[in-house]
Amino acid sequence: MKKILLSAAVAALIPASAMAQDGMFKKSAGDILLRGRAVAVVPSEDADLTGAVTGNDMLSIDASVIPELDLTYFLTDNIAVEVIAGVTPHDVDGKNALTGVDFGKVWLLPPTVTLQYHFDPIEQIAGISPYVGAGLNYTYFFGADDWNEAVVSDVDYGSSWGGALQAGVDIPLTANWALNLDVKKVWINSDVDVTLAGGGKVKADTDINPWLVGVGVGYKF
């Protein structure tokens, strides 16, 4: 899925880059860049269970596609701070020994702040501007429901702090508009407490660690 999304994003962005001209979309200290993206959230999950049920790699978390907004402020011509916001729903199912058990749905609110370095525009390639970043993520879990009540009576997700890495490129369209391709790796870990219908307790040390692959458009103020 990640390869398909990346291929589609590159195919969409290459024709647009031909529209750019030298000197367009130059980033400078004090600029504010607002972007909207469509983002595929692809978990790389792993869950170790202890308690009434034990085992490794026992939960499956599906991928989702969400809208995302981010705001970037340029401290210098090359260094910027970006704040990223969005919410993402995921279905959680058992796998391996728990295959067929439905653990319901949960929503994630994962605000992320990254410190970025934006390279100078590459004039030989339509003035595109690549960047890299690293930062911190906080993830709040909410809206857990829809589990199989014959097996599970309650699921509670603990909040998470973790790191984030980022790489992307802005492809200029005009002096203020640009297309954007962005990839992030975010580390998310939640202590999940599951109460079984029979009264037993299960604790799942759950790594979600998603890839976020986004394509969007940005406007520079």
> Counting just the residues of the stretch 25-71 that are farther than 30 Å from D120 by Cα and of a type in the set (G, A, S), which one comes out modelled with the lowest pLDDT?
Replying inline: A52
> Out of (1) under 29 Å from A52 (Cβ atoms); (2) in contact with a Phe, Trp or Tyr (Cβ under 9 Å, 6 or more places away or on another chain), the odd one out for A80 is which?
Replying inline: (1)
>> Cβ-Cβ distance below 6 Å, separation of 6 or more or different chains: which pairs start in the stretch 61-82 with a residue that is assigned to a loop (DSSP other than H, G, I, E, B) and end on one that is small (G, A, S) and modelled with pLDDT under 95?
In response: D77/S28
> Of G163, G214, which residue is surrounded by fewer than 21 Cβ atoms within 10 Å (Cβ to Cβ) and in a strand (DSSP E or B)?
Replying inline: G163
> For the stretch 119-139, what are the residues that are in a strand (DSSP E or B) and touching a Pro at 6+ places or on another chain (Cβ under 8 Å)?
Replying inline: I122, I128, S129, N137, Y138, T139
> So how many residues does the stretch 83-101 have that are β-branched (V, I, T), under 22 Å from D146 (Cβ atoms) and assigned to a strand (DSSP E or B)?
Replying inline: 2
>> I'm trying to understand the selection: among the residues of the stretch 106-127, which are within 13 Å of the chain's Cα centre (by Cα) and crowded, with 20+ Cβ neighbours inside 10 Å?
In response: L108, P110, T112, T114
> Within the stretch 166-176, can one find any residue that is assigned to a loop (DSSP other than H, G, I, E, B) and either in contact with a His (Cβ under 6 Å, 6 or more places away or on another chain) or under 21 Å from L49 (Cα atoms) (or both)?
Replying inline: no
>> Being assigned to a strand (DSSP E or B), of a type in the set (A, V, I, L, M, F, W, C), out of contact with any Asp or Glu (no Cβ under 8 Å at 6 or more places or on another chain) and touching a residue at least 60 places away in the same chain (Cβ under 8 Å): is that true of A40 here?
In response: yes
>> Looking only at the stretch 128-158, how many residues end up being out of contact with any Asp or Glu (no Cβ under 9 Å at 6 or more places or on another chain) and surrounded by fewer than 18 Cβ atoms within 10 Å (Cβ to Cβ)?
In response: 11
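The values are calculated or read from the model by the stated rules, or taken from the named source; none is laboratory data. Just so it is clear, the structure is predicted and the values come from calculations on it, not from any experiment. Heads up, the Cβs are rebuilt from the backbone with ideal geometry, glycines too, and the neighbour counts pull from every protein chain shown.
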